[in-house]
Amino acid sequence: MADVFHALDDRTRRIILDELAAGDGRTLFEICSVLSMRHGLGLTRQAISQHLAVLEAAGLVVTERRGRSKFHYFDPAPLAQITERWPLRERTDR
């Protein structure tokens, strides 16, 4: 769970997750283009690749290789595990 919090602690990684949630199955090239055009982030492919590796290690991104291309998908399961750990209860002290 610490990996998930670490991954979400970075603004760029949260933007990457937002973009993958909006349109799954993107290549590194597509992610780089979207970050540059929509968000004005001028990061190198290597920097974005490192951010994706952190997200993948946290289980928030899964990848699939097809030929020479690697596709990235958002996996919300680790976020669901966090919400299951601290369920919302009705407060009685209000």
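The values are calculated or read from the model by the stated rules, or taken from the named source; none is laboratory data. Computed from a prediction, not measured in an experiment: that's the story for all the values here. All Cβ positions, glycine included, derive from the backbone under ideal geometry; neighbour counts span all protein chains shown. Accessible surface is based on the protein model in full, side chains and every heavy atom, while ligands, DNA and RNA are left aside. Shrake-Rupley method; radii C 1.70, N 1.55, O 1.52, S 1.80 Å.
Look at L88 and say whether it is open to solvent by 100 Å² or more (accessible area, probe 1.4 Å) and in a loop (DSSP other than H, G, I, E, B). Against the criterion (open to solvent by 100 Å² or more (accessible area, probe 1.4 Å) and in a loop (DSSP other than H, G, I, E, B)), L88 qualifies.
For the range 4-19, check the following and say yes or no: at least one residue is surrounded by 12 or more Cβ atoms within 10 Å (Cβ to Cβ), touching a strand residue (DSSP E or B) at 6+ places or on another chain (Cβ under 7 Å) and touching a residue at least 24 places away in the same chain (Cβ under 8 Å). Yes.
Among residues of the range 45-72 that are in contact (Cβ under 8 Å) with a residue 12 or more places away in the chain, those with a Cβ under 9 angstrom from a residue that is assigned to a loop (DSSP other than H, G, I, E, B) and of a type in the set (D, E), sequence gap 6+ or separate chain, pair up as H51/D10; V54/D10; G59/D75; L60/D75; V61/D75; V62/D75; F71/D24; H72/D24.
Take the range 61-84 and flag every residue that is assigned to a helix (DSSP H, G or I), open to solvent by 50 Å² or more (accessible area, probe 1.4 Å) and closer than 17 Å to R13 by Cβ. Before the answer, list the steps.
Initially, the range 61-84 is screened for residues assigned to a helix (DSSP H, G or I), giving 77-84.
Restricting the remaining residues to those that are open to solvent by 50 Å² or more (accessible area, probe 1.4 Å) gives 79, 81, 83-84.
Matches in the range 61-84: L79 only.
One residue stands out among those in the range 23-60 that are open to solvent by 20 Å² or more (accessible area, probe 1.4 Å) and within 11 Å of the chain's Cα centre (by Cα): the one that is modelled with the lowest pLDDT, which is D24.
When the residues of the range 6-60 are filtered to those that are in a loop (DSSP other than H, G, I, E, B) and polar (S, T, N, Q), which remaining residue is farthest from Y73 (Cα to Cα)?
Residues of the range 6-60 in a loop (DSSP other than H, G, I, E, B): 9-10, 23-25, 27, 40-44, 58-60.
The next check asks that each one be polar (S, T, N, Q); those that pass are 27, 44.
On the way: T27: 9, T44: 20 Å.
So the residue we want is T44.
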